[in-house]
1. If you wrap a convex hull around the Cα atoms of the stretch 57-126, how much volume per residue is inside, in Å³?
2. Based on the mean of other Cβ atoms within 10 Å per residue, sort peptides 319-327, 206-214, 290-298 so the most packed one is first.
3. Taking θ = phi - 60°, what integer Hz values does the Karplus form 6.51 cos²θ - 1.76 cosθ + 1.60 yield along the stretch 255-271, in sequence order, with x for Gly and Pro?
4. Under 20 °C and 1.002 mPa s, how fast does the stretch 153-298 diffuse according to Stokes-Einstein, given a Kirkwood radius computed over C-alpha pairs? Answer in µm²/s, whole number.
5. Excluding residues on the same chain fewer than 8 positions from K22, give the lysines whose Cα lies under 30 Å from its Cα.
6. Identify the residues of the stretch 15-57 with backbone N under 17 Å of a label point that sits 7 angstrom from the Cα of M1 along the Cα-to-Cβ direction, or state none.
7. Of the listed peptides 16-22, 171-177, what is their order by residue-averaged count of other C-beta atoms within 10 Å, with the highest listed first?
8. Kindly provide the pair-distance distribution of the stretch 93-138 built from C-alpha pairs, with 10 Å bins from 0 and whole-percent values in order of increasing distance.
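Since every read-out is calculated from the coordinates, none of them should be taken as a lab result. This structure is a prediction, so every number in the text was calculated from the model and none was measured. We place every Cβ from the backbone using ideal geometry, glycine too, and count neighbours over all the protein chains shown.
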Amino acid sequence: MTNAAIITAAGRGSRAGGDRPKQWQALAGKPVLQHTLDVFRASARFSTLVVTIHPDDRADAVQLGPDVILVEGGATRAESVKNALEHLESMQISRVFIHDGARPLVTPALLDQLHAALDQSAAAAPALMVTDALWRGERGRVSGVQDRAGLYRAQTPQAFHFAPILAAHRAHPGHAADDVEVARAAGIEVAIVAGEADNIKITLPQDFDQAAQILTMRAQRDKAMDIRLGNGFDVHAFCAGDHVWLCGVKIPHSQGLLGHSDADVGMHALTDALYGALALGDIGQHFPPSDPQWKGAESHIFLAHAMEQARAQGFTLGNADVTLICERPKIGPHAPAMRAALAQIMGVDMGRVSVKATTSEKLGFTGREEGIAALATATLVKT
């Protein structure tokens, strides 16, 4: 499957003001059109990028990059798109996404939605439901109302299987508001996917300010939020004893757990999950078993250290989830106390900590009651 993107940029956009077409005006330090292209490049779905241009803009257009095919547009948007489609015909393109160059805030997530929709439909396009009341007006006065039921605000990119949309453009008589209109005239059914409120089209001078604000907010969000996910796994064998330590709780049992420290398998797995989220290795790197000072150590020392490392880097715990795998002892009656103990050690609310258990259906070393295994996942969030 080969995907191409056609970015329309041959228009003059006079309503946007300025001394040059809007797609070439600066937005956050680079041309609007460059922002648009960068999104399609980032998606990694497109082998071919085509930009339709006005002949007067070629000097600017060659600066877009060597990966961009430039095709001269026509007198209308529909003619420009048709020129680009004809240029692509010999390239064995399977799917084509057609997008307004003056919509620089489209996201890779929307491209993914459209790509998935094409698995079920010959065409797909994003749109937002109309939620405001609609009026008709004459000479600056309200002359009537319009039912908004079933109405949508169309956006781009509009995505198609290549051969049908090329045929549709060849058969279309001329002007069309967008490629969905061309497709529907040819009998192509178009699926609607949820559009994005930020996917605005720069049309008027004030739209540049709105687009700049959205880009700033995105940059701040991306910089501010850092989410890390770590997992841990640990195993300890049974040995002679009369209790086990699990997730900070001492549980009477017919055997103990063998380990250099107190062998709290659940807490060890969780500690490793935290270290993993921070890319700081595992318990053994911070508390080597070869070091006699850690012999018989209480595992809360390890867990507290991992949380100290997280806080030192500006992270807080999103949540922690521990699963103990054993036939015995039964974990359920002790799970609330385990959650409370872990939460206290980590200095978090108990609602962020989960402890649960499962058996291995009598299979393997846990099924033979030779030991206990534990899995843990931890999420760290920097804001």
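1. On the way: hull volume 8.8 nm³, N = 70.
Considering the Cα atoms of the stretch 57-126, their hull volume per residue is 126 Å³.
2. On the way: 319-327: 20.9, 206-214: 15.2, 290-298: 11.2.
Averaged packing, sorted descending, gives the order 319-327, 206-214, 290-298.
3. Once θ is set to phi - 60°, the couplings for the stretch 255-271 become 9, x, 10, 8, x, 5, 9, 7, 6, 6, 4, x, 5, 5, 4, 5, 4 Hz.
4. Working: Rh = 21.9 Å.
Taking Rh from Cα pairs, D becomes 98 µm²/s.
5. K30, K82, K201, K223
6. Correct set: 43-48.
7. Working: 16-22: 16.9, 171-177: 12.3.
Output ranking for 16-22, 171-177: 16-22, 171-177.
8. Going out from 0 Å in 10 Å bins, the stretch 93-138 shows 19, 41, 25, 12, 3 percent.
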